[in-house]
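Below you'll find the structure, written out as structure tokens, and then a few comments.
The values are calculated or read from the model by the stated rules, or taken from the named source; none is laboratory data. Bear in mind that the values here come from a model prediction, so they are computed numbers and not experimental data. Cβ: placed from backbone, ideal geometry, glycine included. Neighbour counts: every protein chain shown.
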Amino acid sequence: MKMRKKPRAVLGVVAVAAAVALSLSGCRGDSGGQGGGSASSPGITDSAITLGITTPLSGATAGPGKCTVAGVSAYFGAVNAAGGVKFGDGKTRTVNIKSYDDAYDPQKSLANFQQMVSDNVFAATAGLGTPTNRAFRDAAISQKVPQVLVMTGDPLFSDRKQSPWQLGFVPIYQNEGAAFGKLLAKSGAQHKVAILSQNDDYGKGYVAGFKDAIKGASNISVVGEQTYEATDTSVDAQLTQLASSGADVFFNAMSITPLTIAALQKAQQIGWKPSWFLPSNTSSPTAILEPGGGSAYPGIYSVSFAKAPQSPEFAKDPDVVKFLDELKKYGNYPDMPAFPHCMWSYMVGATLEQAFKNMKEPTRDSFMTALRDIKDLKAPLMLEGTSVNTTVDGQPAVSSVVVQKYNGKGYATAQNFG
Amino acid sequence: MDTASATARRRRVRLALAALVAVLLVVAPLILPAFANQTLVRIGVYAVAVLGLNIVMGYTGQVNLGQIFFVGLGAYVTAYGVNHGWNILLVFVAACAIAGVVGLLVALAAARLGGLAIAMVTIALPIVGVPLAKRLSEFTGGSQGISARFTDAPDWSGLANDQWQFYIVLVVTAGAFLLARSLVRGKYGRAFAAVRENEAVAASMGISPYRTKVLAFTIASIFGGASGFLYLAAVQYTSPETLSFGHSISLLAAMVIGGAGSIAGSLLGGAYYVFVPQLTNAIDPNLTTVSQGAILLAVLFLLPGGLVSLPRAVRRLTRRAAPRRSTAQTAPGTSPQTAPAHRPVPDAAPEGHEQTERQDGP
Amino acid sequence: MGTFIQLVVDGLATGSIYAALALAIVLVNQATGLINFAQGGMAVLSAYIAYVFVQLGLPLILAILFAVVLSFAFGALVERFLVRRFERGDPDTAVVVTIGLLTLVTGICAVLWGYNNLSFPSLFPLTSVEILGAVVSVRSLATAVTIVVIMVLLQLLFLRTKLGLALRAVADNPSSAAFSGLPVGRLLMVGWGLAATLGAIAGVLVAPQLTLTPGMLDTALVYALAAVILGGLNSPIGCVVAASAIGVLENLVAVYIPLIGHDLKIAVPFVLIFVILIIRPQGLFGRKVVVRV
């Protein structure tokens, strides 16, 4: 039997360990953000500031993930080309973006955060995903590194007491669900609602918000509720079940593009034609509604706070034209955005710029104070009726959404249901 | 040269080496920067997981694609215990014990059915584990996961957080590796190898393949649970993503890249698991998948026996570069030269593998 | 009753997606004795190649044909230059090589075509027909029929043709096969090439429904592996039956046993495997493996 000793294996391991240690060692300095002090924080010099984004750039969520980097890069690419941002302390600085792939794995996002701290990043921003952001939230708090304007609708990030160094960007999931619920309740007519939601905090948040909003409305009743997993191949079975409930409104909290298209196709095939509600990130007219045959339904509603570049009515909008141009030039994203996160992260850039303009000192403390003091900022690409407002504890940077209805080509604001 | 004194001298050299390594490990966190410590901590986490996988797969030859399930289970138990204020030692024991019991139950059922069933059952574990973790949200925090901080350095130690974490992980990892080493060198190790080579032969030698497989699998799951404890010590957060099936595949790859059937290889496997994503991020965060695939294939092409076979491969190259040297020069105790080119690494699977009951067919 | 039939029909449709990939895995296993984790990835690459041809203006059928031919070449080359080196060594190493191949191919697809969901045209119209009171889309029906045809062809290949016999001989015992005068290397390449072709067909059949992304077949791969093991590693009929059973049973369990529901329904195929393997360790349709001591 091969049970002989392997002193050479040990030697090999020691050699590897020594090499590793040598390559990783530097003097054990004070790397690690002891931010917020009186001298300037790490990651900011007189001429530049460095931001870090840890987000999925590979795997199933890489589509939206790439958008989160592209939008911010596009915004600051243009700003840098025009000379940089004039900070509140008088200095003009360029904004550098470092991005890291975490493949939607919490362990990797923590590793990326630790790398960011070691790479002297001023703040983490715009990352996509609840578990990935939660993984390093504690570390960010204990090392006083800002983790701001993150792409998750998890309310924890906007709670100032629990998350003093965090701030969410997109509306919490509950808000989006509630917006549609309010519209429906206000309609006055009797409606039976079927619900299909993704089995995680995203879907649960949507449904919770929706149910909260229709509580007490005697004209609305939920007659069927099903869930699906993000990795499912098909939701046919759930649709069959829900169709048999006889509902005339279908509240759908799906974030997976092919499943949404398949659901739109299947429901009309089995002869069920309710009015639909789709969440903001799976409501694109060109990518989802047209392949799915959305015009077959009496109404498709969604919520949004960003102008959709694919919609014909915004094709000539100057904001949109500038955005698409910068996306191609500085964001390394030549196609039409397939996910709203491209627009959202562009707005993150605008919000950050506003905070930079107002921060009086080059410190993380000053940055957080400035960031939390933005009221009624009409970031580019924002729809009428929405704005950035970071002053409310418990609410993310964007909390207002507009309910829209599909009109065969794009979306138009819906005042009433039906 | 007389072999007795050569053996004694080699033993002294080995002890000296071990002492040197021990000193290095104790002193290292005090001089290395924080990020290096944090990286080494994470390497320790996955090295223990790969070690467990190696015991059941590398040494005993049973396909195990569910090791990450036990890591996740250990992490969840740890989080639960910490958040309920249990004593930290109790938490560690619970993480290992609960993972071990589950592993034992699974093995008892699956081991009777042969390699195929074990493979399928182990695939099922993480795949069913993820929705189960979401469902049992009172224990697991559901899909939002659960945070648990317990590795902040206490004030009396004067250490930074990352250094304290390093020592915790060092203690557990060193313990796990020493335990595994003594295990595979003893009679159990021989039983594992016998079962891997040919179960019928092992049975005829008086080794029960069933019991050996159950033992190997239980040990693997205990190590998985310990790795889960370390995971929570390092990351301080766990969620259903921790035990997704894709990570099991990555652990398998890490085991083979490090060196299947090798204790030192498990450490290298853990290092591979942690380093490669960081390395590919440094190359270009947009090209991580391509880089990782390319690196994996490159390593296996150059070193089919895994990274642990690097010294051997180098020796073979240098020996080939100087063919005039007489064979008497080969020092006693060196590994016998592997003759046919297609024979795999000596202490990995032997040839004739097609004859054992494995997951592949005829 | 209507719901029941609808669920069964939908389950068969989903099952045919798994079956498509499972057939390719069985083929590689029969021809080279390896489990190819990269089968799904290679199928996706083939679908992308067909997409490129369609974008260039070719009619869909021609694009698919070209992609299928190129896939054969790709599969053969992969066997010759990548996998050959590991075929006779440790099987675990060979499996990890296929894992590496999967990662690399997925990464290449991502670099070339991005992660966005691309719309792949369907060979069949998007209408639906009614069968026994259940509505089934023509596309799903046609996919299932195609899979069954391929399954029959594959079964015939292995059991009735010289090529099939040669492929199996080479996989079973390469040295004896070589002594019998079989061109071992070339047969191995043919085996992988054929499997890649199968994968290509599977890819273009399911791409319209799943939308084309680099990770399109990742979930299906796990189900395909389950189907392969359940149905027997060496039986095309077995894996198709198993895949269909998995699809149908999942739907039925999810709807009629609410305790399990749609989130835990994924446990069904594995429990099934477990039960079947207790009764028949070689799988539903597999052949018993004889171990020589």
Subset of segment A:300-334 (residues that are within 27 Å of A:Gly177 (Cα to Cα) and in a loop (DSSP other than H, G, I, E, B)): A:Phe305, A:Lys307, A:Ala308, A:Pro309, A:Gln310, A:Ser311
Any residue at all in segment B:32-55 that is more than 14 Å from chain A (Cβ to nearest Cβ), in contact with a Gly (Cβ under 7 Å, 6 or more places away or on another chain) and surrounded by 16 or more Cβ atoms within 10 Å (Cβ to Cβ)? yes
Looking at segment C:50-71, which of the residues that are buried (at least 21 other Cβ atoms within 10 Å of the Cβ), in contact (Cβ under 8 Å) with a residue 24 or more places away in the chain and of a type outside the set (Ser, Thr, Tyr) is farthest from C:Cys109 (Cα to Cα)? C:Ile64
Kindly list the number of the only condition in (1) more than 13 Å from every other protein chain (Cβ to nearest Cβ); (2) of a type outside the set (Asp, Glu); (3) touching a Phe, Trp or Tyr at 6+ places or on another chain (Cβ under 8 Å) that fails for A:Ser163. (1)
If we scan segment C:182-191, do we find a residue that is surrounded by fewer than 13 Cβ atoms within 10 Å (Cβ to Cβ) and out of contact with any Phe, Trp or Tyr (no Cβ under 6 Å at 6 or more places or on another chain)? no
Suppose we keep only residues that are in a helix (DSSP H, G or I) and charged (D, E, K, R) within segment A:244-299. Which one would you say is nearest to A:Thr61 (Cα to Cα)? A:Glu290
Within segment A:85-121, of all residues that are in contact with an Asp or Glu (Cβ under 7 Å, 6 or more places away or on another chain) and of a type in the set (S, T, N, Q), the one farthest from the other protein chains (Cβ to nearest Cβ) is A:Ser109
Lone qualifier among C:Val44, C:Val26 - being within 22 Å of C:Gln209 (Cβ to Cβ), among the aliphatic types (A, V, I, L, M) and within 14 Å of the chain's Cα centre (by Cα): C:Val44
Contacts under 6 angstrom Cβ, first residue in segment B:87-110 being more than 14 Å from every other protein chain (Cβ to nearest Cβ) and surrounded by fewer than 15 Cβ atoms within 10 Å (Cβ to Cβ), partner assigned to a helix (DSSP H, G or I) and among the β-branched types (Val, Ile, Thr), 6 or more apart: none
Quick one: how many residues across segment B:267-318 are in contact (Cβ under 8 Å) with a residue 60 or more places away in the chain and within 14 Å of chain C (Cβ to nearest Cβ)? 2
Can you find a residue that is out of contact with any strand residue (DSSP E or B) (no Cβ under 8 Å at 6 or more places or on another chain) and within 22 Å of A:Ser99 (Cα to Cα) anywhere in segment A:164-171? no
If you go through segment B:142-165 one residue at a time, do you hit one that is within 14 Å of chain C (Cβ to nearest Cβ) and either in a helix (DSSP H, G or I) or surrounded by fewer than 18 Cβ atoms within 10 Å (Cβ to Cβ) (or both)? yes
Only unsatisfied item for A:Ser234, checking (1) buried (at least 24 other Cβ atoms within 10 Å of the Cβ); (2) away from chain B (no Cβ under 14 Å); (3) touching a helix residue (DSSP H, G or I) at 6+ places or on another chain (Cβ under 7 Å); (4) at pLDDT 90 or above, is (4)
Picking from A:Thr227, A:Thr257, which residue would you name as being within 11 Å of chain C (Cβ to nearest Cβ), closer than 20 Å to A:Ala287 by Cα, under 27 Å from the mean Cα position of the chain (by Cα) and not charged (D, E, K, R)? A:Thr257
Only residues that are more than 10 Å from every other protein chain (Cβ to nearest Cβ), closer than 18 Å to C:Ala226 by Cα and in a loop (DSSP other than H, G, I, E, B): list them for segment C:243-273, please. none
Looking for something among the small types (Gly, Ala, Ser), at pLDDT 55 or above and touching a Ser or Thr at 6+ places or on another chain (Cβ under 9 Å) - is there at least one such residue anywhere in segment A:94-103? yes
Of all residues in segment C:28-38, count the ones that are modelled with pLDDT of 90 or more and surrounded by 24 or more Cβ atoms within 10 Å (Cβ to Cβ). 2
Tally up the residues in segment B:214-257 that are part of a helix (DSSP H, G or I) and under 23 Å from B:Val93 (Cα atoms), please. 25
Residue by residue through segment C:79-97, note down the ones that are within 18 Å of B:Thr289 (Cβ to Cβ) and surrounded by 22 or more Cβ atoms within 10 Å (Cβ to Cβ). C:Val96, C:Val97
Is it the case, given these coordinates, that A:Tyr346 is touching a residue at least 60 places away in the same chain (Cβ under 8 Å) and under 19 Å from A:Phe169 (Cα atoms)? yes
Matching residues in segment C:161-181 (among the charged types (D, E, K, R) and exposed (fewer than 14 other Cβ atoms within 10 Å of the Cβ)) number 1
Before we move on, is B:Tyr80 under 30 Å from B:Ser262 (Cα atoms) and either at pLDDT 90 or above or of a type in the set (D, E, K, R) (or both)? no
When residues of segment B:166-212 are limited to those that are modelled with pLDDT of 90 or more and among the polar types (S, T, N, Q), the one surrounded by the fewest Cβ atoms within 10 Å (Cβ to Cβ): B:Ser182
Any chance segment A:122-139 includes a residue that's hydrophobic (A, V, I, L, M, F, W, C), within 13 Å of chain B (Cβ to nearest Cβ) and crowded, with 24+ Cβ neighbours inside 10 Å? yes
Here are the criteria: (1) crowded, with 22+ Cβ neighbours inside 10 Å; (2) within 14 Å of chain C (Cβ to nearest Cβ); (3) not in a loop (DSSP other than H, G, I, E, B). Tell me which single one B:Ala260 does not satisfy. (3)
Any residue in segment C:209-230 that is within 9 Å of chain A (Cβ to nearest Cβ) sitting within a Cβ distance under 7 Å of a residue that is outside any helix (DSSP H, G or I) and β-branched (Val, Ile, Thr)? List the pairs, counting only those 6 or more apart or interchain. C:Thr219/A:Thr231; C:Thr219/A:Thr233; C:Ala220/A:Thr233
